[in-house]
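Structure first, commentary second.
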Amino acid sequence: MSSSGDAEAEAEAEAEYFSKDFEWEEVRADVESNPSFRYHLLPFQPSKSQTESDVRAWKRFHVRHSSGKFFKERRYLLKEFPELVSSAPHTKLLEVGCGNGSTALPILRANKDVIVYACDCSDETLERAKEILGAATIVAFSHRFRTFCCDVSTDGFPNWLIFTLSAIPLERMPRFIKECFDVLNPGGMVLFRDYGLYDMTMLRFEEDKRVGFREYMRLDGTRSYFFCLDTVRDLFVGSGFTELELDYCCVKSVNRQKGKCMRRIWVHGKFQKPVLN
Ligand SMILES: C[S@@+](CC[C@H](N)C(=O)[O-])C[C@H]1O[C@@H](n2cnc3c(N)ncnc32)[C@H](O)[C@@H]1O
């Protein structure tokens, strides 16, 4: 993720969240009529995916960014998903692909009742997450933050997907979402946020970084898929979930140092396992 990844992290840090600064259809029209973006739209013949190297790339990524500062705290999620703050006592959350704890930390701080079970395929980042959470406050979180190492694309599993589904090869997503469905209680929810189609980080990938249709690999071997609403809907509804919320979140992010305005696009979703009658 090196230099473009750093810029991405800066952009995330500077972005103003929660609002709809522009319409997704505007971006779609711009991108689809611009010849320099044509290669993003072409069909792609997928090559055999390499499970081991995907996970190894993430492990290497976390060793390289062992300061744990790469992903900033995602405090905006508390506003995007208010149930994280107002949940019933002893609510259990499962975060899949927790990285350095940038999502878990603000949740644990804001909600004294929640217990977060967090997994990642990298032991290194889980250790770092525990250190960061340990150092973050005088109130100990350790009894409410329980980690375990797991490669969800092959070992199976979860609920609560923040910028993690896009890191998994497309063809393994349906099986993974079905696992999420199976481990949830009836009425349980998946809170979803991930990269949206035509996000500026997608358009910045050069043609040789394509590894699938709407799927790209960074220089460090980590990959990213960019979702349209229909793909997310098909994945979750196809596994038995009910759609509660699904939309693009379109935010203008201004990099004041470089004087650049960037159009960031995320997909926000909320899906529920039906309550049995
Ligand atoms: C883009 S990072 C997001 C981290 C965190 N959720 C956040 O929002 O900052 C994706 C995370 O998913 C983890 N990951 C990728 N593939 C995985 C897999 N197959 N099983 C478990 N975790 C995985 C990576 O190690 C990384 O920490």
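The values are calculated or read from the model by the stated rules, or taken from the named source; none is laboratory data. Please read these numbers as outputs of a predicted model, since none were measured by experiment. Please note: Cβ atoms are built from the backbone with ideal geometry, for glycine as well, and neighbour counts cover all protein chains shown.
What the table shows:
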read-out	value
Condition met for residue 30 (within 14 Å of the ligand (Cβ to nearest atom) and over 21 Å from residue 188 (Cβ atoms))	no
Residue selected from the stretch 250-277 under the condition of a type in the set (D, E, K, R) and assigned to a strand (DSSP E or B), by the criterion nearest to residue 240 (Cα to Cα)	270
Enumeration of residues in the stretch 94-114 that are in a loop (DSSP other than H, G, I, E, B), under 16 Å from residue 80 (Cα atoms) and near the ligand (Cβ under 9 Å from one of its atoms)	102, 103
Residue satisfying all of: in the stretch 147-180; away from the ligand (no atom under 12 Å from the Cβ), crowded, with 19+ Cβ neighbours inside 10 Å and not aliphatic (A, V, I, L, M); modelled with the lowest pLDDT among these	159
The stretch 242-264: number of residues that are surrounded by fewer than 19 Cβ atoms within 10 Å (Cβ to Cβ) and at negative phi	14
Counted residues, the stretch 65-79 - those being assigned to a helix (DSSP H, G or I) and within 12 Å of the ligand (Cβ to nearest atom)	1
Where residue 253 falls short, out of the listed (1) within 24 Å of residue 56 (Cβ to Cβ); (2) hydroxyl-bearing (Ser, Thr, Tyr); (3) at pLDDT below 95	(1)
The lone exception for residue 239 - which of (1) buried (at least 19 other Cβ atoms within 10 Å of the Cβ); (2) part of a strand (DSSP E or B) it fails	(2)
Residue check for residue 122: of a type in the set (Ser, Thr, Tyr) and more than 10 Å from the ligand (Cβ to nearest atom)	no
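Listed here are the residues, each with its yes/no results for (1) over 14 Å from the mean Cα position of the chain (by Cα); (2) in a helix (DSSP H, G or I).
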residue	(1), (2)
175	yes, yes
181	yes, yes
195	no, no
202	yes, yes
224	no, no
247	yes, no
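Matching residues to (1) surrounded by fewer than 19 Cβ atoms within 10 Å (Cβ to Cβ); (2) farther than 24 Å from residue 205 by Cβ:
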residue: 61; (1), (2): no, no
residue: 65; (1), (2): no, no
residue: 72; (1), (2): yes, no
residue: 85; (1), (2): yes, yes
residue: 98; (1), (2): no, yes
residue: 104; (1), (2): no, yes
residue: 112; (1), (2): yes, yes
residue: 119; (1), (2): no, yes
residue: 122; (1), (2): no, no
